[in-house]
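J.: Have a look at this one before I ask anything.
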Amino acid sequence: MMRRRIGGMALDIRPLSSLLLCTWLLCTLLLGNLLLASNAAAQQFEQVGDYQIHYSAVNTSFLPDTIAREHSIQRNQAMALLNVSVLEEREDGTTRAVPANVNGRISSLGGEDGEPLSFRTLRSGDTPSQIAVFRINQDEPMRFDLEVRYDRNAEPARVSFIQRFYIER
């Protein structure tokens with residue numbers, strides 16, 4: 001455990017880092033617009049016309065216990081959460097969150113067909129997100145193939161990405 005002395009006080013660095021990570025995830029899940037507006041936060045998104053499809057996947061053990069319980073999300077080192085939200089860019093330069101339906105699969109890079117992801121809607125005020133919880137494979141890259149429908153009159157947008165997860169022991 002790392003400790004640092006600041007102004008005569010010993011601070012444990014690791015819990016502080018975990019607290020910051022939990023705060024970041026909470027912002028992503030429940031206050032998506034604030035996070036998306038921040039230039040300091042790492043952002044993953046695909047631009048499709050006037051729409052931004054934002055996505056992030058994190059280990060569920062990073063969620064604060066109260067948030068996990070409130071949204072019936074299992075906190076576990078071997079589980080992760082995928083969060084997908086869509087923002088529409090307006091003519092005045094602002095964005096607004098729009099509802100979307102998401103279907104997707106997760107697979108290893110070995111070319112297997114993979115498993116379907118089961119998405120559900122999570123709302124924080126007027127900000128809708130689609131979330132799916134899934135089991136992670138230790139130190140193995142995982143491929144995500146998503147179909148995101150934000151306009152019922154248009155074909156769904158396809159988003160694919162690869163992410164590697166590590167289980168902290």
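J.: Scan segment 114-169 for residues that are polar (S, T, N, Q), in contact with a strand residue (DSSP E or B) (Cβ under 8 Å, 6 or more places away or on another chain) and more than 30 Å from residue 89 (Cα to Cα) and jot them down. Write out each step before concluding.
T.: The first filter runs over segment 114-169 and keeps only residues polar (S, T, N, Q), leaving 118, 121, 124, 127, 129-130, 137-138, 153, 160, 163.
Now drop any that are not in contact with a strand residue (DSSP E or B) (Cβ under 8 Å, 6 or more places away or on another chain), which leaves 118, 121, 127, 129-130, 137, 160, 163.
Listed by number, the list holds a single entry, 137.
J.: Take the residues in segment 39-65 that are open to solvent by less than 40 Å² (accessible area, probe 1.4 Å) and more than 19 Å from residue 132 (Cβ to Cβ); name whichever of them is modelled with the lowest pLDDT.
T.: Per the stated criteria, the residue is 41.
J.: Report yes if some residue within segment 85-108 is of a type in the set (Ser, Thr, Tyr), more than 15 Å from residue 45 (Cα to Cα) and touching a helix residue (DSSP H, G or I) at 6+ places or on another chain (Cβ under 9 Å); otherwise report no. Even if it seems obvious, please write down each step before you answer.
T.: The initial filter retains those residues of segment 85-108 that are of a type in the set (Ser, Thr, Tyr), namely 85, 94-95, 107-108.
Then drop every residue that is not more than 15 Å from residue 45 (Cα to Cα), which leaves 94, 107-108.
Now narrow it down to the ones that are touching a helix residue (DSSP H, G or I) at 6+ places or on another chain (Cβ under 9 Å): none.
Within segment 85-108, not a single residue is of a type in the set (Ser, Thr, Tyr), more than 15 Å from residue 45 (Cα to Cα) and touching a helix residue (DSSP H, G or I) at 6+ places or on another chain (Cβ under 9 Å).
J.: Hey, could you check segment 134-169 for residues that are within 18 Å of residue 44 (Cα to Cα) and touching a Ser or Thr at 6+ places or on another chain (Cβ under 8 Å) and say which is surrounded by the fewest Cβ atoms within 10 Å (Cβ to Cβ)?
T.: My answer is 141.
J.: Next question, about the same structure. Looking at segment 121-154, which of its residues are under 15 Å from residue 60 (Cβ atoms), out of contact with any Phe, Trp or Tyr (no Cβ under 8 Å at 6 or more places or on another chain) and among the β-branched types (Val, Ile, Thr)?
T.: Correct list: 133 only.
J.: crowded, with 17+ Cβ neighbours inside 10 Å, within 15 Å of residue 159 (Cα to Cα) and not β-branched (Val, Ile, Thr): which single residue out of 80, 100, 68 fits that description?
T.: Residue meeting the stated conditions: 100.
The values are calculated or read from the model by the stated rules, or taken from the named source; none is laboratory data. This is a predicted model, so every value here is computed, not measured. A quick note on method: Cβ atoms are made from the backbone with ideal geometry, for glycine too, and the neighbour counts reach across all protein chains shown. The accessibility values were calculated without ligands, DNA or RNA, using every heavy atom of the protein model including side chains. Shrake-Rupley method; radii C 1.70, N 1.55, O 1.52, S 1.80 Å.
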